[in-house]
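Visitor: Following this message is one structure expressed as structure tokens.
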Amino acid sequence: MSLSSVFVAVATGCGIGPEIDDFNQSAVAAAVADCPCGHIGYSSEEECRAEAPPTAAEQACVEALFKNIEGDYEPHLVCRTGANNRFANCLTSKTCSDLARLACLTDYADEVEDCPAFPADVQQELTECQT
């Protein structure tokens, strides 16, 4: 499984306002951070960068979800944005053959686990947006 696929499996959330933009930018950065080193499932690094999730449609789906539900999800989004950014920075700071890249994924997964959890119904809808 590529790091981008793992990211999509564990990442969540978008919101309204600046949090959505920040989160979307960090989600894309985290998803494409592995493109230079493997672009598994893509014919080139460029194709990986253009097509790696989260796609514009996935981002729009999640944004629509948060526009239609009540609740303050800013802490959730801010936490995940930080985790996404640190993950992307970690991957890009390592060479493709650096085994320390695996620690980037472990640290990322631990950080996301420590973020506030979305309610089960919200998480389910987010997961549906990402598939």
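Visitor: Quick test for you: out of 21, 110, pick the one residue that is under 15 Å from the mean Cα position of the chain (by Cα) and within 18 Å of residue 129 (Cα to Cα).
Guide: 21
Visitor: Right, another one. What pairs come up if the first residue lies in region 49-64 and is modelled with pLDDT under 85, the second is not in a helix (DSSP H, G or I), and their beta carbons are under 8 Å apart, counting only those six or more places apart or on different chains?
Guide: Filtered contacts from region 49-64: 51/42; 52/42; 53/130; 62/13; 62/14; 62/54; 62/130.
Visitor: Going by the conditions given, is residue 70 without any contact (Cβ under 8 Å) to a residue 60 or more places away in the chain, surrounded by fewer than 13 Cβ atoms within 10 Å (Cβ to Cβ) and among the acidic types (Asp, Glu)? Reasoning before the result, please.
Guide: Values: without any contact (Cβ under 8 Å) to a residue 60 or more places away in the chain: yes; surrounded by fewer than 13 Cβ atoms within 10 Å (Cβ to Cβ): yes; among the acidic types (Asp, Glu): yes.
Spelling it out, residue 70 is indeed without any contact (Cβ under 8 Å) to a residue 60 or more places away in the chain, surrounded by fewer than 13 Cβ atoms within 10 Å (Cβ to Cβ) and among the acidic types (Asp, Glu).
Visitor: Sticking with this structure for a sec: Within the set of pairs 6 or more residues apart or between chains, which connect a residue that is over 19 Å from residue 27 (Cβ atoms) and touching a residue at least 40 places away in the same chain (Cβ under 8 Å) inside region 93-111 to a residue that is surrounded by 12 or more Cβ atoms within 10 Å (Cβ to Cβ) and acidic (Asp, Glu) with Cβ atoms less than 8 Å apart?
Guide: Close Cβ pairs (under 8 Å, with a partner that is surrounded by 12 or more Cβ atoms within 10 Å (Cβ to Cβ) and acidic (Asp, Glu)) do not exist here.
Visitor: A further question follows. Can you confirm whether residue 84 is at pLDDT below 85, assigned to a helix (DSSP H, G or I) and closer than 22 Å to residue 113 by Cα? Lay out the reasoning, then the answer.
Guide: Values: at pLDDT below 85: no; assigned to a helix (DSSP H, G or I): yes; closer than 22 Å to residue 113 by Cα: yes.
The answer is no for residue 84.
Visitor: Would you pick out the residues in region 26-46 that are free of Cβ contacts under 8 Å to residues at least 24 places away in the same chain and assigned to a helix (DSSP H, G or I)?
Guide: Scanning region 26-46 gives 45, 46.
Visitor: Would you tally the residues in region 65-81 being part of a helix (DSSP H, G or I) and at pLDDT 85 or above?
Guide: The total comes to 8.
The values are calculated or read from the model by the stated rules, or taken from the named source; none is laboratory data. Note that the structure is a prediction, hence the values are computed from the model and not measured. Cβ atoms come from the backbone with ideal geometry, glycine included; neighbour counts cover every protein chain shown.
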